[in-house]
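Below: one structure, written as structure tokens.
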Amino acid sequence: MAQGRSGSTALLRMLNAVPGVRIAGENEKALDHLRQFVTCFANATKHHHSEFYRLAWMLPCPIDVLKRKAGSFLLDIYNPNSQYRLAGFKEIRYGRDYQQLCDDISFLTEVLPGLKIVFNTRATEDAVKSDFWRDDPQLSSRILDTVYGNFLRYHGEHRGTTYWMPYEEIREGSAVLQGMFDFLGVEFTSAARTELARRLR
């Protein structure tokens, strides 16, 4: 989960240079639609206040089974045939509201047990000068500060399952960058270092 213009594509390239790793790109927060799909079925249970309505609003399967199937669907997309030991995606559209961020991650954790999240950030005064953020610096600064604060708050409350990866640490010799690979349980290979060197040129 990244702020945008914070080095997420560089991190993606480095991780994908490691054998057995496949990190896909952005999806415009497509998983919101899957969560809404599951939520609609879960909401149907509020009508189960009599035998008649339980039949009228009968679910195709229990909600826990539906969530498992949703998780299997995602794994089949991102990690077909379980061929990768680490699979995932990067996305810059999380974090603009704290409760929404908590709800988003709660759903992802439910359908993808063992989920790990890297929060990729950048100092606002630098990010706001980059690409699309500079179109409206005042608004962009507010968005960037909000996302940064929400990521930081969530990270502070969930240290075991999240990692803090600032743009400023995407550099050779960074213990923080090395720590991201350690957190994800993959080697910081020479090929990944080559991608880092390419990004630094």
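Can you confirm whether H48 is farther than 22 Å from Y163 by Cα and at pLDDT below 95? The answer is yes for H48. Is it the case that the stretch 70-93 has a residue that's acidic (D, E) and closer than 30 Å to A192 by Cβ? The answer is yes, given that some residue of the stretch 70-93 is acidic (D, E) and closer than 30 Å to A192 by Cβ.
Return the only residue of G173, G160 being in a loop (DSSP other than H, G, I, E, B) and within 18 Å of A10 (Cα to Cα). Criteria check complete, one pass: G173. Out of the residues in the stretch 185-201 meeting the condition of being charged (D, E, K, R) and more than 21 Å from the chain's Cα centre (by Cα), tell me which one is surrounded by the most Cβ atoms within 10 Å (Cβ to Cβ). Applying the filter and picking the extreme gives E195.
For the stretch 137-146, does any single residue satisfy the condition of being touching a residue at least 40 places away in the same chain (Cβ under 8 Å), in contact with a His (Cβ under 8 Å, 6 or more places away or on another chain) and not small (G, A, S)? No, the stretch 137-146 contains no residue that is touching a residue at least 40 places away in the same chain (Cβ under 8 Å), in contact with a His (Cβ under 8 Å, 6 or more places away or on another chain) and not small (G, A, S).
Among residues of the stretch 116-128 being touching a Lys or Arg at 6+ places or on another chain (Cβ under 8 Å) and not in a helix (DSSP H, G or I), the one that is nearest to F181 (Cα to Cα) is N120. From Q83, Q100, which residue is modelled with pLDDT of 95 or more and surrounded by fewer than 13 Cβ atoms within 10 Å (Cβ to Cβ)? On inspection, the qualifying residue turns out to be Q83.
Taking the criterion of being over 13 Å from K116 (Cα atoms), out of contact with any Leu (no Cβ under 8 Å at 6 or more places or on another chain) and of a type in the set (D, E, K, R), the residues of the stretch 147-201 that qualify are R153, E157, E168, E187, R193, E195, R198, R199, R201. Per the listing Y78, Y94, the residue uniquely hydroxyl-bearing (S, T, Y), surrounded by 15 or more Cβ atoms within 10 Å (Cβ to Cβ) and within 11 Å of the chain's Cα centre (by Cα) is Y94.
Table: residues versus (1) farther than 23 Å from M180 by Cα; (2) aliphatic (A, V, I, L, M); (3) in contact with a strand residue (DSSP E or B) (Cβ under 7 Å, 6 or more places away or on another chain); (4) not in a loop (DSSP other than H, G, I, E, B).
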{"residue": "S72", "(1), (2), (3), (4)": "yes, no, no, yes"}
{"residue": "D76", "(1), (2), (3), (4)": "yes, no, no, yes"}
{"residue": "G88", "(1), (2), (3), (4)": "no, no, yes, yes"}
{"residue": "R96", "(1), (2), (3), (4)": "yes, no, no, no"}
{"residue": "Q100", "(1), (2), (3), (4)": "yes, no, no, yes"}
{"residue": "D103", "(1), (2), (3), (4)": "yes, no, no, yes"}
{"residue": "G114", "(1), (2), (3), (4)": "no, no, no, no"}
{"residue": "G156", "(1), (2), (3), (4)": "no, no, no, yes"}
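Exactly one residue among L59, L55 is in a helix (DSSP H, G or I) and either among the aliphatic types (A, V, I, L, M) or touching a Gly at 6+ places or on another chain (Cβ under 7 Å) (or both), and that residue is L55.
Out of all the residues in the stretch 149-179, which are surrounded by 15 or more Cβ atoms within 10 Å (Cβ to Cβ) and among the β-branched types (V, I, T)? Result: T162, I170. Against the test of being of a type in the set (S, T, Y), touching a helix residue (DSSP H, G or I) at 6+ places or on another chain (Cβ under 8 Å) and in contact (Cβ under 8 Å) with a residue 60 or more places away in the chain, the options Y53, Y98, Y94 yield a single qualifying residue, Y94.
The values are calculated or read from the model by the stated rules, or taken from the named source; none is laboratory data. The structure displayed is predicted, hence computed values, not measured ones. Cβ sites come from the backbone with ideal geometry, for glycine too, and all protein chains shown count toward neighbours.
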